[in-house]
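Q: I have a structure I would like to understand better, so I am pasting it below and will then ask my questions one at a time.
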Amino acid sequence: MSKKSINIITLGCSKNLVDSEHLLARFRANGFTLKFGDNEPADVVIINTCGFILDAKEESINTIFDFVNAKEQGLVEKLYVMGCLSERYAGELAKEIPEVDRFFGKFDLDAILHELNIEKQKTLPTERVLTTPSHYAYLKISEGCDRSCAFCAIPQFTGKHKSVPVDVLVEEATKLAGKGVKELLLISQELTYYGIDLYGERKLPELINRLSEIEGIEWIRLHYAYPAGFPMDLLAVIRDNPKVCKYLDIPLQHISSRVLKNMRRNIDEGQTRELVNKIRKEIPGIALRTTMLVGYPGETEEDFNKLVDFIREAKFDRLGVFPYSHEEGTWGYKKFRDAIPQKQKQERADYLMEVQQLISEELTAQKVGRTLKVLIDRVEGDYYIGRTEFDSPEVDGEVLIEKKVPLEIGKFYNVKIIGSDVFDLYGSMEHAPL
Ligand code: SF4
């Protein structure tokens, strides 16, 4: 049993977070003192890195150097690096940063346990130490991806799509519910592909229905759906299962058929529009989050203007925009020159977000006067901060409720919406039905 302290610094996406939470459970079960916080030194520090695009890679490398400094100051005994960046560049990193004790891949959890003399069997793979507020948790239903989007390096370092068995996920979610989790955010690289590798068929609807039977789980939220070949039977599950949030995160990346073709997204403009219309027709009032990529090689002014028009017309509830990052090893990298200057990519991304701000302001204003079910996440100054089923944590808008009556974090309340701004809503408990 170790008496050492340990801290995992998790960068990148929520999938990394889930990996870290599984590791933390093992460390705690083996007597390590867990430390939390992105600048918190410990006897052992593990940096769980992201290697997706340039910005993320830079953040990971800067964080590594921060802890190399901490180690040189004697604040850290052992420094390890894991995750996507070291999965992708372990050799180069080990040469460049010899101060790191060891670089592990993305899936080397057992090697890390061995390095720290941890008895693997001490904890079950479904155990987690939550690093999110205790009333919501991410559930990683698969890792890896079988798609071949031309701009994306992820399959290079995550490998092929690998679903987690339904029973294992139900066991993990049941344990989370037992700890007070009420909201499950289903995540993966490609959500709609779930089950094909393991069961030879899509199993997402069945998984969602099994998870919704777990006592204590009240909200199930879906992230990272893939548009091409979208499984339409999923729409009925979202519409008819009262525990599934009327919310869908579905990255579309672009609308120009020519750009989508060059991105190898297996879908064109007409099919994209049809899908968005179908989802909205089948599930009235659903909140749609999407992601767009601008500055992809060959994107003309005309393509970009088509995208701007589409965003104005489609009025997505939530939008993320990324400037294209020319990632070595991707099909796009081999096929195209990164011809559009970074400045122009960024200008296009900024302009699209400006257009979205006006849309977001309009859509939030439409919620004023409604009474919505809100999950309270935290207290901030004079406000309780919560979310409706249309808001995912950390990426979407929030509901601010003045602290007039005592509310509990992690509890649901019916809240009367009395105001709005660009992204957020203002709520009141007065006049709200109990
Ligand atoms: S679906 Fe496309 S963008 Fe998403 S992880 Fe797979 S290859 Fe990358």
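The values are calculated or read from the model by the stated rules, or taken from the named source; none is laboratory data. Since this is a predicted model, take the numbers as computed values, not measurements. A quick note on method: Cβ atoms are made from the backbone with ideal geometry, for glycine too, and the neighbour counts reach across all protein chains shown. We work out accessible area using only protein heavy atoms, side chains counted, and drop any ligands, DNA or RNA first. Shrake-Rupley method; radii C 1.70, N 1.55, O 1.52, S 1.80 Å.
Q: For the structure I just gave you, tell me whether GLY329 is under 25 Å from the mean Cα position of the chain (by Cα) and open to solvent by less than 10 Å² (accessible area, probe 1.4 Å).
A: no
Q: While we're on this one: Is one or more of the residues making up segment 366-377 among the acidic types (Asp, Glu) and surrounded by fewer than 20 Cβ atoms within 10 Å (Cβ to Cβ)?
A: Looking for residues that are among the acidic types (Asp, Glu) and surrounded by fewer than 20 Cβ atoms within 10 Å (Cβ to Cβ), one finds none in segment 366-377, hence no.
Q: Ok, one more. For segment 396-411, name all the residues that are open to solvent by less than 80 Å² (accessible area, probe 1.4 Å) and out of contact with any strand residue (DSSP E or B) (no Cβ under 7 Å at 6 or more places or on another chain).
A: Answer for segment 396-411, where residues must be open to solvent by less than 80 Å² (accessible area, probe 1.4 Å) and out of contact with any strand residue (DSSP E or B) (no Cβ under 7 Å at 6 or more places or on another chain): just VAL405.
Q: Within segment 325-434, which strands (runs of 3 or more DSSP E) (wholly inside it) include 2 or more residues that are aromatic (Phe, Trp, Tyr)?
A: Counting at least 2 such residues, we get 383-387, 412-420.
Q: Something else: Can you name the residue in segment 412-430 that is open to solvent by 20 Å² or more (accessible area, probe 1.4 Å) and free of Cβ contacts under 8 Å to residues at least 60 places away in the same chain and is also farthest from VAL244 (Cα to Cα) among such residues?
A: So the residue we want is GLU430.
Q: In segment 295-324, which residues are open to solvent by 60 Å² or more (accessible area, probe 1.4 Å), closer than 30 Å to GLU394 by Cα and part of a helix (DSSP H, G or I)?
A: Within segment 295-324, ASN305, LYS306, ASP309, ARG312, GLU313 meet the criteria.
Q: Is it true that GLN342 is over 23 Å from the mean Cα position of the chain (by Cα) and surrounded by fewer than 19 Cβ atoms within 10 Å (Cβ to Cβ)?
A: Yes, satisfied.
Q: Which pairs turn up if I take residues in segment 146-160 that are open to solvent by less than 20 Å² (accessible area, probe 1.4 Å) and look for partners that are of a type in the set (A, V, I, L, M, F, W, C) and near the ligand (Cβ under 8 Å from one of its atoms) with beta carbon separation below 7 Å, at least 6 apart in sequence or on another chain?
A: Listed pairs, sorted by first residue: THR158/CYS145.
Q: If you don't mind, another one. Which of the following residues is at pLDDT 95 or above and surrounded by 22 or more Cβ atoms within 10 Å (Cβ to Cβ): LEU198, LEU204?
A: Testing whether each residue is at pLDDT 95 or above and surrounded by 22 or more Cβ atoms within 10 Å (Cβ to Cβ) leaves just LEU204.
Q: Out of everything in segment 189-212 that is away from the ligand (no atom under 16 Å from the Cβ) and among the hydrophobic types (A, V, I, L, M, F, W, C), what residue ends up being farthest from LYS246 (Cα to Cα)?
A: Here the residue is LEU198.
Q: Right, next: Mind telling me which of the residues ASP55, ASP66, ASP38 ends up being at pLDDT below 95, within 20 Å of THR131 (Cβ to Cβ) and either of a type outside the set (Ser, Thr, Tyr) or in a helix (DSSP H, G or I) (or both)?
A: Being at pLDDT below 95, within 20 Å of THR131 (Cβ to Cβ) and either of a type outside the set (Ser, Thr, Tyr) or in a helix (DSSP H, G or I) (or both) holds for just one of ASP55, ASP66, ASP38, which is ASP38.
Q: So which of VAL81, VAL129, VAL76 is touching a residue at least 24 places away in the same chain (Cβ under 8 Å), of a type outside the set (S, T, N, Q), farther than 22 Å from CYS13 by Cβ and not assigned by TED's automatic domain parsing to the domain that holds HIS254?
A: The conditions single out VAL76.
Q: Another question about this same structure. Would you check if ASP43 is at negative phi, over 23 Å from the mean Cα position of the chain (by Cα) and among the charged types (D, E, K, R)?
A: yes
Q: When segment 82-106 is examined, which residues are found to be surrounded by 17 or more Cβ atoms within 10 Å (Cβ to Cβ) and within 21 Å of the chain's Cα centre (by Cα)?
A: Matches in segment 82-106: MET82, GLY83, CYS84, LEU85, SER86, GLU87, ARG88, LYS106.
Q: Same structure again: In segment 139-188, what residues are within 16 Å of the ligand (Cβ to nearest atom) and either in the same structural domain as ASN16 (by TED's automatic domain parsing) or part of a helix (DSSP H, G or I) (or both)?
A: ILE154, PRO155, GLN156, PHE157, THR158
Q: Ok, one more. Could you list all residues from segment 33-65 that are touching a residue at least 40 places away in the same chain (Cβ under 8 Å) and not charged (D, E, K, R)?
A: LEU34, PHE36, VAL44, ILE46, ASN48, GLY51, PHE52, ILE53, LEU54, ALA56, SER60, THR63
Q: Further question: I'd like the residue in segment 213-252 that is outside any loop (DSSP other than H, G, I, E, B) and open to solvent by 20 Å² or more (accessible area, probe 1.4 Å) and, out of all such residues, is farthest from the ligand (Cβ to nearest atom).
A: Per the criteria, the residue is ASP240.
Q: Okay, next question. Are any residues in segment 36-52 farther than 17 Å from ILE6 by Cβ and either surrounded by fewer than 18 Cβ atoms within 10 Å (Cβ to Cβ) or among the aromatic types (Phe, Trp, Tyr) (or both), and if so, which ones?
A: Residue satisfying the conditions is PHE52 alone.
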